[in-house]
Amino acid sequence: MLRIGICDDSADARIALRAALERVLERRRSDGGSFFEFSSGEGLLRWLENHAGELDLVFLDIEMGELDGMETARRLREADESLLLVFVTGYTDYVFDGYSVGALGYLMKPPKPDQLDGVLNRAAEALFREEDKVFLCRSGETLYRIPKRNIRYFRSDRRQVTCAAVGRTYVFYGKLDQVEQEVGEEFVRIHQRYLVRTAAVDRLEGNQVFVGEEALPVSRACRSSALAALARSALEG
């Protein structure tokens, strides 16, 4: 299910776009979408500060209040390089500006069903291509897509796993062994309870690695493999 944001200062425009997207998704016989509506770029950015990884695709109006859609897109791109962006506007003046923020599409209001269908196809393809670059986890009813490059480490406590990422942490139920299989060679087990992204490690001192100013324990059982992985990461970096 796609998590879709609609950002437009016109309530009527938001309602119309959501209804059009719902019709297209229903016609595609997909799992549908979950929608989040925002009346300003500022509101969208504030929401994402506490909800990073909770949107896949954002439709942005360009002509909005103090913070227009293009500037909102630039700030969104700074916060999340993988977030898919689509501009929906009544003006053609900005069409080429969309390329500077890697926009997935540029639609004129009101967008036609076949145009929305095309955008959703490209979104599905883009998300599929990015699958090996993100870690997926579910907490309650929320599915998070966390870029691996933003993850610092994982910590397990019984059946609960904490993912410490840049800017926030995510807590979900699972096993660290399973997480280790899913994230791949960019991460190394340093302890029964810790899995760290090798590129996030700043230094190794004694029986600890430092991720920023945070010290994580290295167990005797994991020390050799951890040292080899960290050395390999340093050479490749």
Task: region 4-23, subset under 24 Å from the mean Cα position of the chain (by Cα) and more than 19 Å from G69 (Cα to Cα), residue most open to solvent (accessible area, probe 1.4 Å) - done: E22
Open item on the list: For region 141-164, give me the residue count where each residue is of a type in the set (A, V, I, L, M), within 23 Å of G212 (Cβ to Cβ) and surrounded by fewer than 18 Cβ atoms within 10 Å (Cβ to Cβ).
Closed with: 0
Task: Answer residue from region 49-80, given it is within 15 Å of P147 (Cα to Cα) and either of a type in the set (K, R) or assigned to a helix (DSSP H, G or I) (or both) and is least open to solvent (accessible area, probe 1.4 Å) among those - done: L76
- [ ] Go through the residues of region 38-45 one by one and say whether even a single one is under 16 Å from the mean Cα position of the chain (by Cα), in contact (Cβ under 8 Å) with a residue 12 or more places away in the chain and open to solvent by less than 60 Å² (accessible area, probe 1.4 Å).
- [x] yes
- [ ] Looking only at region 192-200, decide whether some residue is assigned to a loop (DSSP other than H, G, I, E, B), more than 22 Å from R158 (Cα to Cα), under 27 Å from the mean Cα position of the chain (by Cα) and not β-branched (V, I, T).
- [x] no
- [ ] Look at R138 and say whether it is under 30 Å from A20 (Cα atoms), in contact with a Leu (Cβ under 7 Å, 6 or more places away or on another chain) and either modelled with pLDDT of 95 or more or open to solvent by 80 Å² or more (accessible area, probe 1.4 Å) (or both).
- [x] no
Task: Criterion: within 15 Å of the chain's Cα centre (by Cα), in a helix (DSSP H, G or I) and not hydrophobic (A, V, I, L, M, F, W, C) - qualifying residue of R149, R138 - done: R149
- [ ] Give the residues of region 209-228 that are open to solvent by 80 Å² or more (accessible area, probe 1.4 Å) and either of a type in the set (S, T, N, Q) or in contact with a helix residue (DSSP H, G or I) (Cβ under 7 Å, 6 or more places away or on another chain) (or both), sorted by residue number.
- [x] S224
Open item on the list: Regarding region 54-70, can at least one residue be identified that is without any contact (Cβ under 8 Å) to a residue 24 or more places away in the chain and either closer than 29 Å to K133 by Cβ or among the acidic types (D, E) (or both)?
Closed with: no
- [ ] Confirm whether V171 is in contact (Cβ under 8 Å) with a residue 12 or more places away in the chain, open to solvent by 40 Å² or more (accessible area, probe 1.4 Å), within 25 Å of G140 (Cβ to Cβ) and assigned to a strand (DSSP E or B).
- [x] yes
Open item on the list: Name the residue that is nearest to D177 (Cα to Cα), counting only residues in region 188-197 that are open to solvent by less than 20 Å² (accessible area, probe 1.4 Å) and touching a Phe, Trp or Tyr at 6+ places or on another chain (Cβ under 7 Å).
Closed with: L195
Task: Long-range neighbours under 8 Å by Cβ, at least six apart or interchain, first residue at pLDDT 80 or above within region 78-96, second open to solvent by 80 Å² or more (accessible area, probe 1.4 Å) and in a helix (DSSP H, G or I) - done: S82/K133
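The values are calculated or read from the model by the stated rules, or taken from the named source; none is laboratory data. All values reported here derive from a predicted model rather than from experimental measurement. Note: ideal-geometry Cβ built from the backbone for every residue, glycine included; neighbour counts use all protein chains shown. For the accessible areas, the whole protein counts, side chains as well, though only heavy atoms, and no ligand, DNA or RNA atoms are used. Shrake-Rupley method; radii C 1.70, N 1.55, O 1.52, S 1.80 Å.
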